[in-house]
Amino acid sequence: MMWTQCIEPRPFATRRLVCFPHAGGSPYFFRTWGKALSGYEVHAVCYPGRAERIAEPPAADLASMAREIAAAMAPSAAERPTSFFGHSMGAIVAYEVACALEEAGHPIEHLFASAARAPQLLRATPDTAAAWDDEAIIGKLVELGGTDAELLHNPAFVDLVLPYIGADFRMLAGYESGRRAPLRCPVTALVGRADPQVGSDGVAAWRETTRGEFRMRTLPGDHFYLAAEPPFDIIEAAAGEQ
């Protein structure tokens with residue numbers, strides 16, 4: 001079981017960046033990042049049930065999945081400084097993996113949390129999880145953007161992706177952060193100015209997740225601001241400050 005894919009192998013890069021996709025996302029979302037971030041070897045996480053893992057059942061528990069990802073990353077954690085970039089649900093997964101690695105003695109260098117409310121603000125809502133039927137999922141995808149509207153009218157596409165997108169939405173709705181010691185690494189929280197789902201207060205609350213430096217950046221765009229303008233300059237600037 002391979003949890004990550006290397007986008008652009010760069011064995012002599014001094015740093016590693018691991019990208020965590022949004023709900024319903026795959027490693028392909030970050031396919032251009034390896035060429036753009038020349039100082040990093042970029043990896044992207046592949047959740048079960050999509051891309052090369054389409055035959056596997058989707059994960060049902062976010063924290064359990066994060067522990068599995070952390071266990072897979074731990075053997076190579078000391079090879080070079082590693083940062084995490086998580087978008088939307090991926091920010092929560094990245095946070096949980098960072099916590100698990102830090103508890104095991106493998107702290108990461110930096111956490112970039114994109115388009116997500118801070119984990120301590122999330123509460124498990126079983127009723128909400130149960131309400132994610134196909135109609136509700138498609139409505140949310142239209143609201144958030146990031147998915148071609150024409151594809152959502154293609155039955156073959158819908159039949160392929162809705163099972164794992166729905167599983168991700170239900171998994172996130174069932175997530176609740178436990179009591180965690182603050183991370184030691186710096187945290188940068190990013191959000192699109194026109195994000196219809198994530199407000200500035202929820203993003204600013206990421207400050208509570210770390211004893212390290214915290215920064216918040218508001219960028220042009222909506223929930224998928226990074227599709228048009230990936231925040232490469234923010235990531236590279238953070239590396240220069242380490």
Looking at segment 176-196, which of the residues that are closer than 22 Å to residue 65 by Cβ, of a type outside the set (A, V, I, L, M) and within 18 Å of the chain's Cα centre (by Cα) is modelled with the highest pLDDT?
-> 185
Residues of segment 50-82 satisfying the condition of being farther than 26 Å from residue 164 by Cβ, charged (D, E, K, R) and open to solvent by less than 50 Å² (accessible area, probe 1.4 Å) = 80
What is the number of the single condition among (1) among the hydroxyl-bearing types (Ser, Thr, Tyr); (2) touching a Lys or Arg at 6+ places or on another chain (Cβ under 7 Å); (3) within 14 Å of residue 88 (Cα to Cα) that residue 225 does not meet?
-> (2)
Those residues of segment 1-37 which are within 23 Å of residue 141 (Cα to Cα) and either basic (Lys, Arg) or assigned to a strand (DSSP E or B) (or both) amount to 19, 20, 31
Check whether at least one residue in segment 21-42 is of a type in the set (Val, Ile, Thr), open to solvent by less than 10 Å² (accessible area, probe 1.4 Å) and under 11 Å from the mean Cα position of the chain (by Cα), and report yes or no.
-> no
Yes/no for residue 211 being at pLDDT 95 or above, over 17 Å from the mean Cα position of the chain (by Cα) and closer than 18 Å to residue 98 by Cα | yes
Taking residue 103, is it under 22 Å from residue 213 (Cα atoms) and surrounded by fewer than 16 Cβ atoms within 10 Å (Cβ to Cβ)?
-> yes
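Suppose we keep only residues that are over 15 Å from residue 231 (Cα atoms) and out of contact with any helix residue (DSSP H, G or I) (no Cβ under 7 Å at 6 or more places or on another chain) within segment 9-20. Which one would you say is surrounded by the most Cβ atoms within 10 Å (Cβ to Cβ)?
16
Pick out, from segment 159-242, the helices (runs of 4 or more DSSP H) lying fully within it that include 3 or more residues that are among the aliphatic types (A, V, I, L, M), open to solvent by less than 60 Å² (accessible area, probe 1.4 Å) and under 16 Å from residue 86 (Cα atoms).
232-241
The values are calculated or read from the model by the stated rules, or taken from the named source; none is laboratory data. Please read these numbers as outputs of a predicted model, since none were measured by experiment. FYI the Cβ positions are ideal-geometry reconstructions off the backbone, even for glycines, and counts take in every protein chain you see. When the accessible area is computed, the model is the full protein with side chains, heavy atoms only, and any ligands, DNA or RNA have been set aside. Shrake-Rupley method; radii C 1.70, N 1.55, O 1.52, S 1.80 Å.
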